[in-house]
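Worksheet: one structure, shown below.
The values are calculated or read from the model by the stated rules, or taken from the named source; none is laboratory data. None of the values given here were measured: they were computed from a predicted structure. Quick reminder, even Gly has a Cβ in these numbers, built from the backbone with ideal geometry, and neighbours come from all protein chains shown.
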Amino acid sequence: MNSNKVYDNFRDYDFISNTYKGIDRNKIKWYPTIDKSKCNNCKTCLQICPMKVYEINDNKEVIVAYPYRCIVSCSYCAVRCQNVAISFPDEDELKEIIKKFKG
Ligand code: SF4
Ligand code: SF4
């Protein structure tokens, strides 16, 4: 995914009502998960995420602090993680969730 795709995904958001394609953002399980066995805390994900999903904890580890800020269907940070430490839910699962709430 390139950076243009990240910003394309913004178009499906309504930030005032916090909805994605008309669905409450908090009902959509789309967010990054860090595999701590692979992460070296390089901070790339923290620096490139436009939504400030990541933070550093007291142990100086990068963590997913605000998962529901993540842009639905974005996976830019996973592409940029050189250690392949970031994963997302299956795209088909995401489509099913959207289908369910859209009816
Ligand atoms: S980019 Fe990958 S390796 Fe670097 S801090 Fe984020 S998850 Fe860890
Ligand atoms: S996929 Fe990664 S870069 Fe994109 S919004 Fe979510 S946490 Fe940020």
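For segment 26-52, a residue qualifies if it is in contact (Cβ under 8 Å) with a residue 24 or more places away in the chain and within 12 Å of the chain's Cα centre (by Cα), and the qualifying residues are ILE28, LYS29, TRP30, TYR31, PRO32, THR33, ILE34, CYS45, ILE48, CYS49, PRO50.
For beta carbons closer than 8 Å, sequence separation of 6+ or different chains, a first residue in segment 53-67 that is hydroxyl-bearing (Ser, Thr, Tyr) and a second that is modelled with pLDDT of 95 or more and surrounded by fewer than 16 Cβ atoms within 10 Å (Cβ to Cβ), the qualifying pairs are TYR54/ALA65; TYR66/LYS52; TYR66/GLU55. No other residue among CYS45, CYS49 is closer than 15 Å to PHE10 by Cβ and in contact with a helix residue (DSSP H, G or I) (Cβ under 9 Å, 6 or more places away or on another chain) apart from CYS49. Here LEU94 meets the list (1) out of contact with any helix residue (DSSP H, G or I) (no Cβ under 6 Å at 6 or more places or on another chain); (2) closer than 17 Å to PHE10 by Cβ; (3) part of a loop (DSSP other than H, G, I, E, B) almost entirely, failing just condition (3). When the test is whether a residue is at pLDDT 95 or above and near ligand 1 (Cβ under 9 Å from one of its atoms), VAL84 passes it. For segment 88-103, the set of residues classified as exposed (fewer than 14 other Cβ atoms within 10 Å of the Cβ) and either within 13 Å of the chain's Cα centre (by Cα) or of a type in the set (S, T, N, Q) (or both) consists of ASP90, GLU91, listed by residue number. Go through segment 73-91 and give me each residue that's among the acidic types (Asp, Glu) and part of a loop (DSSP other than H, G, I, E, B). Correct list: ASP90 only.
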